[in-house]
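Student: After the structure tokens below, expect a handful of questions from me.
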Amino acid sequence: MRKKNVYFLFVILSLCLIVVSALSILYGSKSVDMETLFDALFTNKESFSISVVQARIPRTLFGILAGASLGVSGCLMQSITRNPIADPSILGINTGASLFVVVGIAFFSISSPSQYIWLGFTGAILTAILVYGIASVGQSGATPIKLALAGAATSMALMSLVNTIMLPNSQVMDSFRFWQTGSIGGAKWNMILVLLPYFILGLLLSFYLSSSLNTLALGDELATSLGINSKKVRAMAAFAGVLLCGATTALAGPIAFVGLMVPHIMRLLIGSNMHYLLPLSALGGSILLLGADIIGRVIASPAELEVGIITAILGAPVFIYIVRKVKIRSL
Amino acid sequence: MTDCLYAEHLSSGYGNHTIVKDVDLVLPEHKISVIIGSNGCGKSTLLKTLCKLVLPSNGAVYLNNKDIHKYPSKALAKNLGLMPQSPIVPEGITVADLVARGRFPYRQPLKGMSKEDYQIVSEAMDMMGISDLADRCVDELSGGQRQRVWLALALAQDTDILLLDEPTTFLDISYQIEILDLLTELNQKKGTTIAMVLHDINLSARYADYIFAISNGKLLAHGTPEEIINEEIIREVYGLNSKIIKDPITQRPMIIPIGKCK
């Protein structure tokens, strides 16, 4: 892939992101015009439209952060598991977060979103550590295939626990269902600020690791001979991916397909060099998530469809395309 | 001073299963050494233990009198390189990008390639005769061309010692000769110490300055091809009756297997 094309794509996607961000603030069950947007951003005027805009700004900002995080996280997970259809939740992050949230709702009567965040985040991190620990048993350490298997097995076990707690209790089911569909509508400034350090740490760590991940992609033996500590790099990349996906899931609930689709599409366009793939997956993830969120708001107006539903509707055909694609290979 | 790699009382294996047993060896500097032995005798494991891929269970491997496990990993990677048997080609990567990854031990995180890096990468591609393939995708290349790309990567890594795990597997006879000729050229031009595992005894005898014969995890014999390739050692290493004649081209020993032929 020529570098010029990569930069071209970068510029195009940046422009797209600016456009969808503006649309995300302007459109919804009540649409506003550009003038109101400027008033809301740069003046102290007050009106109903301006407060609508002000409420949409954190949602949009969180959409950008969450989309970028899922894109990058998917990229990292596909890289460390050498699995082209890995998504950010491959280490059991989503089911771990679900279990903690459902336990919180059922046994500790927790009902406020800011408490869900911590439950979800803790559940995601602890589950990822557990999965990584299981995969590390044995002499060769956490190999790609062991990681994927341990993640799948743990997810299934935890999901059955989630169902055991949730199904007999319709009240728990109702509260949990709201969290589980995946929505960025509930994002408030204070929640974003709480999670912001984890987003930043995760993104910086990913970009720092891009050279090492490129080298690791040549296989563990060659990577070791080139001076990579493959266990350490894989663990650090998994940690960054878990932070990013865990922080997103904690606030928004599980959002499917973004982390799976975006890195895959970017890899088709520009190849597998992580220096380009990571930032472009971040951009692509933001665009997709915001776009899906806008569609959900517009087609169901005046109510809204959660973004997780839209990404799944968009994602399923893409997934089938990927699976059917003859050229699919392991990484 | 150039780099000297040697092993003392080296044992290693996987889990509780010891494969390499109490091997002492010194790689002759600036020479081409070949490790031979039957399938499963431990020659690949020995090679991998020599470059940190397998942990020794006993004894140690030393580079310039220092245990290789005590080197920082990037520092070791500047002195000791390995070309594995089946490295992975990342999807959609070009030849030039792949060769450039050999510069990893010399690069700082988050920094691009320096002028010197580009220079070394292009020299490596020149020497392997793949400069005109620089912008091609590695997926599209033939097996022989691919192997030259991996060699160029090893060359870009710029180490004094290069280990290779069966570099000629899966190649037809003309590519096998081509790769071994390139390695000989590398050895002669840059004085690189080369050690590799080969299956073909005749090619080993032809290209090696020095041969290590492994049997059942132990170093059975070592010496020049003339000292090692004889009917007795071949019988001990491979359990095969054979007749040794002189290669009419190089005058090196050459094996004619007998097997069940009368």
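A short reminder: the numbers here are calculations on the coordinates, not readings from a lab. Fair warning: this is a prediction, and the values are worked out from it, not measured in the lab. As a convention, Cβ positions derive from the backbone with ideal geometry for all residues, glycine included, and neighbour counts pool all protein chains shown.
Student: How charged is the neighbourhood of B:PRO167? Take every other residue with its Cβ under 13 Å from the Cβ of B:PRO167, and add Lys/Arg as +1 and Asp/Glu as -1.
Tutor: Values: positive: B:ARG146, B:ARG148; negative: B:ASP165, B:GLU166, B:GLU178, B:ASP181, B:ASP200.
Result for the neighbourhood of B:PRO167: -3.
Student: What percent does the relative contact order of chain B come to when contacts are Cα pairs within less than 8 Å and at least six residues apart?
Tutor: Values: 498 pairs, mean separation 62.2, N = 262.
24 percent.
Student: OK, next. Over the alpha-carbon set of region A:3-330, work out the extent along each principal axis and list the three values in angstrom, largest first.
Tutor: So the three principal-axis extents are 64, 57, 37 Å.
Student: In straight Cα distance, which aspartates and glutamates are under 15 Å from B:LYS52, not counting same-chain residues fewer than 8 positions off?
Tutor: A:ASP220, A:GLU221, B:GLU8, B:ASP67, B:ASP165
Student: Also: Provide a whole-number value for the mean count of partner chain Cβ atoms within 10 Å of the Cβ atoms in peptide A:224-235.
Tutor: On the way: counts 9, 21, 14, 15, 5, 3, 1, 0, 1, 0, 0, 0.
Per residue, the number of nearby Cβ atoms from other chains is 6 on average.
Student: Report the convex hull volume per residue for chain B, counting only C-alpha atoms, in Å³.
Tutor: On the way: hull volume 38.9 nm³, N = 262.
Convex hull of Cα atoms, per residue: 148 Å³.
Student: Going by a ≥ b ≥ c, the root eigenvalues of the Cα gyration tensor, does the protein assembly as shown fall in the rounded group (a/c under 1.5), the prolate group (a/b larger than b/c) or the oblate group? Kindly include the intermediate steps, with their values, before the conclusion.
Tutor: Values: a/c = 2.91, a/b = 2.15, b/c = 1.36.
Here the protein assembly as shown falls in the prolate category.
Student: Rounded, prolate or oblate for region A:158-229? Axes are the square roots of the Cα gyration tensor eigenvalues, ordered a ≥ b ≥ c, and the cut-off for rounded is a/c under 1.5. Don't skip to the end; give the middle numbers.
Tutor: On the way: a/c = 4.83, a/b = 1.87, b/c = 2.58.
Cα axes put region A:158-229 in the oblate bin.
Student: Give the aspartates and glutamates whose C-alpha is closer than 14 Å to that of A:LYS3, dropping any in the same chain fewer than 8 places away, or say none.
Tutor: Hits, sequence-local ones excluded: B:ASP97, B:ASP135.
Student: Separate question: With charges only on Cβ, +1 for K and R and -1 for D and E, what is the dipole size of chain A about its Cα centre, in debye, rounded to 20? The partial results should precede the final answer.
Tutor: Working: 20 positive and 11 negative charges, 197 e Å.
Its charge dipole is roughly 940 debye.
Student: Can I ask one more? Compute the Rg/Rh shape ratio of region B:138-196: radius of gyration over Kirkwood radius, all on alpha-carbon atoms. List each step's numbers first, then the result.
Tutor: Numbers: Rg = 11.2 Å, Rh = 11.8 Å.
For region B:138-196, the value is 0.95.
Student: What is the mean number of Cβ atoms from other protein chains located within 10 Å of the Cβ atom of each residue in peptide A:208-220, rounded to a whole number? Don't jump to the answer; show the numbers that get you there.
Tutor: Values: counts 2, 1, 2, 9, 2, 0, 6, 6, 2, 7, 12, 7, 4.
What the average comes to for A:208-220 is 5.
Student: Nothing charged except the Cβ atoms of Lys and Arg (+1) and of Asp and Glu (-1): what's the magnitude of the dipole of the protein assembly as shown about its Cα centre? Round to the nearest 20 debye.
Tutor: Numbers: 47 positive and 43 negative charges, 148 e Å.
That gives the protein assembly as shown a dipole magnitude of about 720 debye.
Student: For region A:174-331, report the % of Cα-Cα distances exceeding 26 Å. Could you put the intermediate results ahead of the total?
Tutor: Numbers: 4402 of 12403 pairs.
Counting every Cα pair in region A:174-331, those more than 26 Å apart make up 35 percent.
Student: Run the quick spin-label model on B:GLU8 and B:ASP209: label points 7 Å from Cα toward the beta carbon, then report their separation in nm to one decimal.
Tutor: The two pseudo-label positions are separated by 2.4 nm.
Student: Oh, and also: Rounded to the nearest 0.05, what FRET efficiency is calculated for B:THR184 and B:LYS111 with R0 set to 25 Å and r the Cβ-Cβ distance? Spell out each step's value before the answer.
Tutor: Details: r = 35 Å, r/R0 = 1.42.
Efficiency at R0 = 25 Å is approximately 0.10.
Student: Turning to a different aspect of this structure: Please compare each pair in B:LYS78/B:LYS115; A:LYS4/A:LYS146; B:LYS31/B:LYS246; B:LYS74/B:LYS218; B:LYS78/B:LYS189; B:LYS70/B:LYS189 to a cut-off of 28 Å on the Cα-Cα distance and tell me which ones are over it. Provide the component values of the computation, followed by the final result.
Tutor: Working: B:LYS78/B:LYS115 18 Å; A:LYS4/A:LYS146 38 Å; B:LYS31/B:LYS246 22 Å; B:LYS74/B:LYS218 31 Å; B:LYS78/B:LYS189 19 Å; B:LYS70/B:LYS189 30 Å.
Among B:LYS78/B:LYS115; A:LYS4/A:LYS146; B:LYS31/B:LYS246; B:LYS74/B:LYS218; B:LYS78/B:LYS189; B:LYS70/B:LYS189, the Cα-Cα distance tops 28 Å for A:LYS4/A:LYS146; B:LYS74/B:LYS218; B:LYS70/B:LYS189.
Student: Once you have the Kirkwood Rh of region B:1-119 from its Cα pairs, apply Stokes-Einstein at 37 °C and 0.692 mPa s and quote D in µm²/s.
Tutor: Working: Rh = 16.4 Å.
It comes out at roughly 201 µm²/s.
Student: What number, in nm² with one decimal, is the all-direction average of the projected area of the convex hull of the alpha-carbon atoms of region A:103-160?
Tutor: On the way: hull surface 17.9 nm².
Across all orientations, region A:103-160 yields a mean hull projection of 4.5 nm².
Student: Now, a different point. Run down the aspartates and glutamates and flag those whose C-alpha is under 13 Å from the C-alpha of B:LYS243, throwing out any fewer than 8 positions away in its chain.
Tutor: B:GLU231, B:GLU232
Student: Top mean-square fluctuation among A:LEU268, A:LEU244, A:LEU76, Gaussian network model of chain A, C-alpha springs under 10 Å?
Tutor: A:LEU268
Student: Tell me, in nm to one decimal, what length is gained between A:SER301 and A:GLU35 on full extension, where the rule is 0.36 nm per residue of separation less the Cα-Cα distance? Mind showing how you got there, number by number?
Tutor: Numbers: separation 266, 0.36 × 266 = 95.76 nm, distance 2.25 nm.
Taking A:SER301 through A:GLU35 to full extension adds about 93.5 nm, to one decimal.
Student: What does the average come to when, for each residue of peptide B:100-106, you count the partner chain Cβ atoms lying within 10 Å of its Cβ? Could the numbers behind the result be given before it?
Tutor: Working: counts 1, 9, 5, 2, 11, 5, 1.
That works out to 5 on average.
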